[in-house]
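Below is one structure, written out as structure tokens; comments come after it.
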Amino acid sequence: MNEMKKTVELSMLIGLAVVLNIVENVIPLFATIPGIRIGLANVVIVFIFYKYSGKDAFFASITRVILVGILFSGIFSPVFLFSISGAIVSMLIMIVAKFIRLPIYGVSILGSLSHSMTQLVVAMYILNTPSLIYYLPILIGVSIFSGIFIAFITKHMLKQFEVSI
């Protein structure tokens, strides 16, 4: 693939991820549980991960978090720090999971779990609130559901774009 085409496609996909992130922030699905989201933007990130590379998905994920941070929470706010730490750790875990040849569902679930667990640890540290650990069972359940949902959608998108996984 020529480099210009790839750059344009990745830019459009990052834009889509930002829009999905914003929509999900504005229309929370789990309004009664603060901070809980499905992570629709991650469909785009996992798609990039399989269509292009882990490096491109890592770049796209970090870029999305920075852009949403600039637009909503502010750079270096606690919410931004939760998001960026979760994005970094989850992408590293997903790269390892794909390297050891886990299927897309395993990669997505591990990415979702590691993102949530990292955010929880960072929140406990920054907010000095160890009692946030009681959120863990809810986070695990939502993360597993989210990872399965993201993998299911992404797998069908990849099939439509004739990308082998």
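The values are calculated or read from the model by the stated rules, or taken from the named source; none is laboratory data. The structure presented is a predicted model; accordingly, all values stated were derived computationally and were not measured. Cβ: placed from backbone, ideal geometry, glycine included. Neighbour counts: every protein chain shown.
So, of the residues in segment 80-93 that are surrounded by 18 or more Cβ atoms within 10 Å (Cβ to Cβ) and of a type in the set (Val, Ile, Thr), which turns out to be nearest to Ile62 (Cα to Cα)?
So the residue we want is Ile84.
Give the residue, chosen from Ser112, Ser108, Ser131, Ser143, that is within 22 Å of Tyr50 (Cβ to Cβ), among the hydroxyl-bearing types (Ser, Thr, Tyr) and without any contact (Cβ under 8 Å) to a residue 60 or more places away in the chain.
Ser143
Given the structure, is Val65 surrounded by 18 or more Cβ atoms within 10 Å (Cβ to Cβ) and in contact (Cβ under 8 Å) with a residue 60 or more places away in the chain?
No; evaluated as a whole, the condition is false for this residue.
Only residues that are crowded, with 18+ Cβ neighbours inside 10 Å and farther than 10 Å from Ser90 by Cβ: list them for segment 109-124, please.
Those that are crowded, with 18+ Cβ neighbours inside 10 Å and farther than 10 Å from Ser90 by Cβ: Ile109, Leu120, Val122, Ala123.
Look through segment 21-43, keep the residues that are at pLDDT below 95 and touching a helix residue (DSSP H, G or I) at 6+ places or on another chain (Cβ under 6 Å), and return whichever of them is surrounded by the fewest Cβ atoms within 10 Å (Cβ to Cβ).
Arg37
For Gly106, work out the one condition from (1) buried (at least 17 other Cβ atoms within 10 Å of the Cβ); (2) within 18 Å of Gly147 (Cβ to Cβ) it doesn't fulfil.
Only one criterion in (1) buried (at least 17 other Cβ atoms within 10 Å of the Cβ); (2) within 18 Å of Gly147 (Cβ to Cβ) is unmet by Gly106, namely (1).
Of these, Val96, Val46, which one is crowded, with 18+ Cβ neighbours inside 10 Å, out of contact with any strand residue (DSSP E or B) (no Cβ under 7 Å at 6 or more places or on another chain) and assigned to a helix (DSSP H, G or I)?
Within the list Val96, Val46, the selection yields Val46.
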